[in-house]
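Inspection log for the structure reproduced underneath, given as structure tokens.
The values are calculated or read from the model by the stated rules, or taken from the named source; none is laboratory data. Here the structure is a predicted model, which means the values were calculated and not measured. Glycine gets a Cβ as well: all are built from the backbone with ideal geometry, and neighbour counts include every protein chain shown. What goes into the accessible areas is simple: the full protein's heavy atoms, side chains included, and nothing from ligands, DNA or RNA. Shrake-Rupley method; radii C 1.70, N 1.55, O 1.52, S 1.80 Å.
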Amino acid sequence: GVGLSLGTALRGPNRLDFRYRIEDVTLKDVVDTNAYVDVNGDPFFFSEEENRISSSLSATWTRDTRNNFFVPTRGMRSYLTGTLMGGPLGFDTDLYGMEAGISAHFPLWLNHVLSLRGRLEVVDGYGKTEEVPLPERLFCGGSRTVRGFRYRWVGPKVERADGSGTVRPSGGQTLGV
């Protein structure tokens, strides 16, 4: 795929960025051909091969009052992103998404800093896309989201339909960290 970003500084510590992205997404030679069921008993398959082109446009507003880009000791960075995929932009996948996040840094004693971080995200299909494709689903776990958990292991899971007890993460449409 390829992406193009354009941004501009706004008044004060604010910024507005636009990004257009087009991707050729291909899933093939999927190893796990077993049938799974979700918590409602509905079937779920990891074996569905996929070949689609997605075209998306995102707009991000950012407010950054941190005192240092790499090692902040005070201030906040917050952002709000809206994404539209498909629809008037064409191609195979019709999705929309919203994401909001914040990180705040507070100086303490003896050069210590308390840093807090949060993120909310939602993605859903519209038009001809009834179900969010697996590569577009949201996952938590790992060092970038929830430390102490395996990568992508926090969130919805499906169990193998043969009763073997095998469980795999299936991703979700909402995320809160």
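Give the number of residues within segment 77-92 that are open to solvent by less than 40 Å² (accessible area, probe 1.4 Å) and either part of a strand (DSSP E or B) or at negative phi (or both). Selection size over segment 77-92: 4. When you scan segment 104-177 for strands (runs of 3 or more DSSP E) that lie fully inside it, which ones turn up with 3 or more residues that are acidic (Asp, Glu)? No strands (runs of 3 or more DSSP E) qualify here. Comparison of Glu49, Glu130 shows that the only residue that is open to solvent by 80 Å² or more (accessible area, probe 1.4 Å), closer than 24 Å to Gly176 by Cα and free of Cβ contacts under 8 Å to residues at least 40 places away in the same chain is Glu130.
So, of the residues in segment 94-127 that are charged (D, E, K, R) and open to solvent by 50 Å² or more (accessible area, probe 1.4 Å), which turns out to be farthest from Thr83 (Cα to Cα)? Ranking the candidates gives Arg117 first.
With respect to the conditions (1) open to solvent by less than 90 Å² (accessible area, probe 1.4 Å); (2) at pLDDT below 95; (3) among the polar types (S, T, N, Q); (4) assigned to a loop (DSSP other than H, G, I, E, B), Asn40 lacks only one, and its number is (1).
Within segment 23-34, restricting attention to residues that are farther than 13 Å from Pro133 by Cβ and touching a strand residue (DSSP E or B) at 6+ places or on another chain (Cβ under 6 Å), the residue that is surrounded by the most Cβ atoms within 10 Å (Cβ to Cβ) is Asn34.
Please go through segment 1-37 and give me each residue that is charged (D, E, K, R) and either over 13 Å from Thr60 (Cβ atoms) or part of a loop (DSSP other than H, G, I, E, B) (or both), ordered by number. Selection gives Arg11, Glu23, Asp24, Lys28, Asp29, Asp32. Looking at Thr166, Thr174, just one residue is of a type outside the set (Asp, Glu), out of contact with any Pro (no Cβ under 9 Å at 6 or more places or on another chain), open to solvent by 80 Å² or more (accessible area, probe 1.4 Å) and within 18 Å of Asn40 (Cα to Cα), and that residue is Thr174. If we scan segment 49-70, do we find a residue that is outside any strand (DSSP E or B), within 30 Å of Ser164 (Cβ to Cβ), at pLDDT below 95 and out of contact with any strand residue (DSSP E or B) (no Cβ under 6 Å at 6 or more places or on another chain)? Checked segment 49-70: no residue is outside any strand (DSSP E or B), within 30 Å of Ser164 (Cβ to Cβ), at pLDDT below 95 and out of contact with any strand residue (DSSP E or B) (no Cβ under 6 Å at 6 or more places or on another chain). Picking from residues in segment 133-177 that are in contact (Cβ under 8 Å) with a residue 12 or more places away in the chain and among the polar types (S, T, N, Q), the one that is farthest from Ser54 (Cα to Cα) is Thr166.
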